[in-house]
Each structure stands twice: as structure tokens, then as C-alpha cells.
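Below you'll find the structure, written out as C-alpha cells, and then a few comments.
The values are calculated or read from the model by the stated rules, or taken from the named source; none is laboratory data. Fair warning: this is a prediction, and the values are worked out from it, not measured in the lab. Here the Cβ positions follow ideal geometry from the backbone for every residue, glycine too, while neighbour counts run over all protein chains shown.
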Amino acid sequence: MTQADPGRGRRLGIDVGSVRVGVALSDPDGIIATPLVTVPRDVEHGSDVRTIAHLVAEHDVVQVVLGLPRTLANREGPAAEAARVFGEALTGALAVPVVYSDERLTTVVATQQLRSRGVKGRRQRAVVDQAAAVAILQGWLDSRR
């Protein structure tokens, strides 16, 4: 994966889970991230990677920011390993660079934010991955300024 900055353009933020993949999209100037979609995880057949490749093309994305779930001790466990495997699959399927961004606690924060807005249960599960992807992408965008 390359760390080269492709310049101005939309970025796609990704939160990879074992069941779903949350996807967020930035504006072309890289100022704000917004939720885009939740994609069902498909380890066996790779339809999730194909769907994301389609989203990259459809939205003229110049770079993908993939959340890397490190532990609080800054180590990589099984979830980070799964994210790296997913990242490698994306790299093979995309013509744009894929970069990793530390995503410690983004799902926890996203869940708390949704709960504070009154979103609970099934409705919360349907959007928490997108909210986590927004947090990953927005944090990465903010760190570049």
C-alpha cells in the first residue's frame, strides 16, 4: 500500500467488521466525511471488495482510508489482521491507493453518539458501521490539515 498523496479528490473511508463493512465518503476538498453505505461482509466470495471497487469508480474516489483496529496498548490483534487482509484484497482490486488509519474506539464512539441521538437496537446496528467509517475518515482528513 502506498502512502503517496494523490491530491484533491474524494476519499472513501472504510470500517471493516466481521459481518458488515461501513463506508463513508468525503467531499472533493477533503473537508467533511459523510456516511455512504453498509456492505455485507463476504470473506468467501469477495462481493464486498467488488462492491467497494464499484463505489470507488462511481464516486471518482482518489484514495481509500481503511480503519486499522489497534488495541489500546497499540498492538495489532486478530481484528487488525483481518483488516490488513481486507486491505490487501482492496489493493489488488483498485487502481487507487489504500492507506491505513488508526481506528481505536471508533465503533464505541459511534455507538455512543447514535445512542445519545435515540437510535437503538436494529436501527443502530444498521448504521453504526457507517458512523464508524465516518469517524475513521473524518479523523484522517482532520489529521492532514
Subject >> Flag if GLU44 is surrounded by fewer than 19 Cβ atoms within 10 Å (Cβ to Cβ), over 18 Å from GLU103 (Cα atoms) and free of Cβ contacts under 8 Å to residues at least 12 places away in the same chain >> reply: yes
Original post:
Tally time: how many residues in the stretch 118-145 are exposed (fewer than 12 other Cβ atoms within 10 Å of the Cβ) and modelled with pLDDT under 70?
Top reply: 4
Original post:
So, of the residues in the stretch 61-97 that are among the charged types (D, E, K, R) and assigned to a helix (DSSP H, G or I), which turns out to be nearest to the chain's Cα centre (by Cα)?
Top reply: ARG84
Original post:
Say we look at the stretch 2-34 and pick out the residues that are modelled with pLDDT under 95, of a type outside the set (S, T, N, Q) and loosely packed, with under 14 Cβ neighbours inside 10 Å; which of these is farthest from TRP140 (Cα to Cα)?
Top reply: VAL19
Original post:
Considering the stretch 26-41 alone, what residues qualify as being touching a residue at least 40 places away in the same chain (Cβ under 8 Å), under 19 Å from LEU90 (Cβ atoms) and touching a Ser or Thr at 6+ places or on another chain (Cβ under 9 Å)?
Top reply: SER26, ALA33, VAL37
